[in-house]
Amino acid sequence: MDKIHKIFVIEDNRTENLLFKLALSSIENVEIKTFLTGTDLLHSLNEKPHIVIVDVMLPDIQGYDLIKAIKEYNQKINVIVLSGQTDVELIGKIQSLGIYNYIVKSEECLKYLEDVIKNLLIIINHKEKTENI
């Protein structure tokens, strides 16, 4: 059996939070945990997520600061940003933190997000196998 990978999703909009969880639930061998605040997510990093999906606009912490804190906690955590923010300067600033992907929210983004995560899990599995050799 393949290893279970943990995916954390931070989205303050409850409806979108639920939609993301439902969309990702079709991916095999993942455990999805959702958060409404960045603070709650930061307090749970000790659960060692493999992937964190971050919204940029949150009620308690800016996405940039949250991603920076995640990367400072563990550089190996893969961060995917899923946001409605399209400001090129902001996207560039966030990408400089070493995120895996930045996805702009749209009607088609859930299918794309699923594909991105499936591809990232292949990379993670390969890295884990080669590190154990």
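Each value in this text was obtained by applying a stated rule to the coordinates, not by laboratory testing. None of these values were measured; they are calculated from a predicted model. Cβ placement follows ideal geometry from the backbone for every residue including glycine, while neighbour counts extend to all protein chains displayed.
Give a residue-ordered list of calculated ³J(HN,Hα) values for the range 63-76 (Karplus: 6.51 cos²θ - 1.76 cosθ + 1.60, θ = phi - 60°; whole Hz; x for Gly, Pro).
x, 4, 5, 5, 4, 4, 5, 4, 5, 5, 5, 7, 4, 7
Applying a 10 Å radius around every beta-carbon, put 56-62, 25-31 in order of their mean neighbour count, most first. Present the calculation step by step, with values, prior to reporting the outcome.
Values: 56-62: 14.6, 25-31: 12.1.
In decreasing order of mean packing, 56-62, 25-31 become 56-62, 25-31.
Residue by residue through the range 117-127, which ³J(HN,Hα) values in whole Hz follow from phi under the Karplus form 6.51 cos²θ - 1.76 cosθ + 1.60 (θ = phi - 60°), with glycine and proline marked x?
Ordered by residue, 3J(HN,Hα) equals 5, 4, 5, 5, 5, 4, 5, 4, 4, 5, 4 Hz.
Decide, for the range 5-131, between rounded, prolate and oblate: order the square roots of the alpha carbon gyration tensor eigenvalues as a ≥ b ≥ c, take rounded if a/c falls under 1.5, and otherwise choose prolate if a/b is larger than b/c, else oblate. The partial results should precede the final answer.
Details: a/c = 1.30, a/b = 1.16, b/c = 1.12.
Rounded is the answer for the range 5-131, as its axis ratio a/c remains below 1.5.
List, in the order given, every pair from Lys71/Lys111; Lys6/Lys71; Lys6/Lys93; Lys6/Lys118 whose Cα-Cα distance in the structure shown is over 24 Å. Don't skip to the answer; put the middle values down first.
Details: Lys71/Lys111 26 Å; Lys6/Lys71 16 Å; Lys6/Lys93 26 Å; Lys6/Lys118 13 Å.
Too far apart for the 24 Å limit: Lys71/Lys111; Lys6/Lys93.
Along Cα→Cβ, 7 Å out, is where each label goes; now give me the distance between the ones at Gln95 and Leu19 in nm to one decimal.
Here the modelled spin labels are 2.5 nm apart.
What is the spin-label model distance, in nm, from Lys3 to Leu36 if the labels are put 7 Å beyond Cα along the C-beta direction?
Spacing of the two 7 Å Cα→Cβ label points: 3.3 nm.
Between His43 and Lys71, what length in nm is gained on full extension when 0.36 nm per residue of separation is reduced by their alpha carbon distance? Let's see the in-between values first.
Details: separation 28, 0.36 × 28 = 10.08 nm, distance 1.40 nm.
Stretched fully, the His43-Lys71 segment lengthens by 8.7 nm.
Name the long-range amide H neighbours of His5: under 5 Å, sequence gap of 5 or more, or other chain; modelled H, no Pro or chain starts.
Val30, Glu31
What is the dipole size for the chain, taken about its Cα centre, with +1 at each Lys and Arg Cβ and -1 at each Asp and Glu Cβ, in debye to the nearest 20?
Values: 15 positive and 20 negative charges, 84 e Å.
Result for the chain is approximately 400 debye, rounded to the nearest 20.
Under a crude label model (7 Å from the Cα following the beta-carbon direction), how far is Tyr112 from Thr130 in nanometres?
Going by the 7 Å Cα→Cβ label model, 2.8 nm.
Given H placed 1.01 Å from N in the peptide plane, which residues other than close sequence neighbours of Thr34 have an amide H under 5 Å from its amide H?
When sequence neighbours closer than 5 places are left aside, the close amide H contacts are Val9.
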